[in-house]
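Working notes for the structure below.
The values are calculated or read from the model by the stated rules, or taken from the named source; none is laboratory data. Remember, it's a predicted structure, so these values are computed and weren't measured experimentally. With ideal geometry, Cβ positions are generated from the backbone for all residues, glycine too; neighbour counts draw on all protein chains shown. Remember, those area values only see protein heavy atoms, side chains included, never the ligands or the DNA or RNA. Shrake-Rupley method; radii C 1.70, N 1.55, O 1.52, S 1.80 Å.
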Amino acid sequence: MLNRTPQGNGSRTLYGILLCGNTVLLFIIYRVLIAYGEMTQKTIFSFVTMVIYLVLLLGFSLAYIIYNRFFWRWGITHEQLPDDWSAVQKQAFLDTTAQRKEKSKWMLVIIFPLLITFLFDAVELFLFDGIFRYL
């Protein structure tokens, strides 16, 4: 049987606060740097800002995926593991998956804000700019 301890409400609240705080912080920094590049007429500054954010998003996303072994261990039960393994080996295998998932959770607090920042930027660029250009 898989040993799972229920995650406390305090931990979820902390991750929610960190997620919202990082999203607001990274979005504000992104918009300020882009606005500075537009005000100074230095498009290279805006371009470098976007590339840095993109590299951060790509790097943290790849690190998360690689650290969690491409998610191929998630959702595996004792019955799906080889029969020649002992119960201790099976439990150790499943425990390492849960440990990796828990240890890499902090990366999501960086990945999601970066992703949301690019999403808002794309919506503004393609939707709002196209609509309000002709008003």
Task: Subset of the range 53-78 [in contact (Cβ under 8 Å) with a residue 40 or more places away in the chain, open to solvent by less than 40 Å² (accessible area, probe 1.4 Å) and more than 18 Å from Trp106 (Cβ to Cβ)] - done: Tyr53, His78
Open item on the list: Would you confirm, using the coordinates I've provided, whether Lys90 is open to solvent by 90 Å² or more (accessible area, probe 1.4 Å) and either closer than 23 Å to Leu125 by Cα or in contact with a helix residue (DSSP H, G or I) (Cβ under 9 Å, 6 or more places away or on another chain) (or both)?
Closed with: no
Open item on the list: Anything in the range 38-81 that is assigned to a helix (DSSP H, G or I) and among the charged types (D, E, K, R)? List them, or say none.
Closed with: Glu38, Arg69, Glu79
Open item on the list: Out of the residues in the range 33-49 meeting the condition of being open to solvent by 80 Å² or more (accessible area, probe 1.4 Å) and not basic (Lys, Arg), tell me which one is farthest from Phe120 (Cα to Cα).
Closed with: Gln41
TODO: Scan the range 94-135 for residues that are among the hydroxyl-bearing types (Ser, Thr, Tyr) and over 22 Å from Val24 (Cα atoms) and jot them down.
DONE: Thr96, Thr97, Tyr134
Task: Pairs, first under 12 Å from Phe112 (Cβ atoms) in the range 12-31, second open to solvent by less than 60 Å² (accessible area, probe 1.4 Å) and among the hydroxyl-bearing types (Ser, Thr, Tyr), C-beta under 6 Å, six or more apart - done: Leu26/Thr117; Phe27/Thr117
